[in-house]
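Student: Here it is, the structure in full.
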């Protein structure tokens, strides 16, 4: 559809199941061909320089050299013309903003790979951008909106207490109830009560939903955690 030859792709993700899934999806799309796989950013850079692919599917979080660091390294290779699509397991507004500023052409949630991957890659090969499950027609406006959201103050319209917001922050960091209890200096049963109240106030029903809700509604700052 773009040319007689398929677009050549390198997949960089430290989870083999993701790489296997992507290859399975693309096996029925003759306009794309996976030519290389990498389990970290360092190997991805080596493959890109060796294979000169058209597309790079790049995991945001990888060992040795994470996705954003890999993108920064790519900007130092002017002869490389690969178009990068960022793969991420969660919404990270700051990371997405930085990735787009570094030249990423698309951002694709891993949970949407099965339904959106081919459309995303087709849009990117047409010279378009892809974000939030759809092609982007005005990247400048998207970047502006993301920067405004990123600089916005914390929002708390759910009558959450300071302690509940603190618990939420630790949940977003992936802490267990025991971890939260230790960090806050309270009993695990108290943590459970706080979580029940938080679930009731926000309308979520699981820790994962709470973490996504907190990030989407700016209930926590995306900053480094205090030393433990």
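Taken together, the values in this text are just the output of simple stated rules run on the coordinates, not laboratory data. Keep in mind the model is a prediction, meaning the values are calculated, not measured. Every residue, glycine as well, gets a Cβ built from its backbone with ideal geometry; the counts of neighbours run over all protein chains shown.
Student: Provide the three semi-axes, in whole Å and in decreasing order, of the ellipsoid equivalent to region 61-128 as defined by the square roots of 5 times the Cα gyration tensor eigenvalues.
Tutor: Details: eigenvalues 72, 53, 20 Å².
In descending order, the three semi-axes are 19, 16, 10 Å.
Student: For the chain, what is the mean residue ellipticity at 222 nm derived from helices alone (per DSSP H run of n ≥ 4: -39500 (n - 2.57); sum divided by total residues; nearest 500 deg cm²/dmol)?
Tutor: Numbers: 10 runs with 110 residues, N = 228.
That calculation yields -14500 deg cm²/dmol at 222 nm.
Student: Separate question: Return P(r) of region 7-128 (all Cα-Cα pairs; 5 Å bins starting at 0; whole %; ordered from short to long distances).
Tutor: 2, 12, 25, 28, 22, 10, 1
Student: Computed over the Cα atoms of region 162-216, what is the convex hull's projected area averaged over all directions, in nm²?
Tutor: Values: hull surface 13.0 nm².
Taking a quarter of the hull surface, the average projection is 3.3 nm².
Student: Then there is this: Dimensions of the chain along principal axes (Cα, Å, largest first)?
Tutor: Here the spans come out as 63, 34, 34 Å, largest first.
Student: Given a Förster distance of 45 Å, report the FRET efficiency between residue 50 and residue 208 from their Cβ-Cβ distance, rounded to the nearest 0.05. Don't skip to the answer; put the middle values down first.
Tutor: Working: r = 38 Å, r/R0 = 0.85.
E(calc), rounded to 0.05, equals 0.75.
Student: Taking N as the number of residues in region 41-85, what is its Cα Rg relative to 2.2 N^0.38 Å? Let's see the in-between values first.
Tutor: Numbers: Rg = 9.4 Å, N = 45, 2.2 N^0.38 = 9.3 Å.
Cα Rg divided by the expected 2.2 N^0.38 Å: 1.01.
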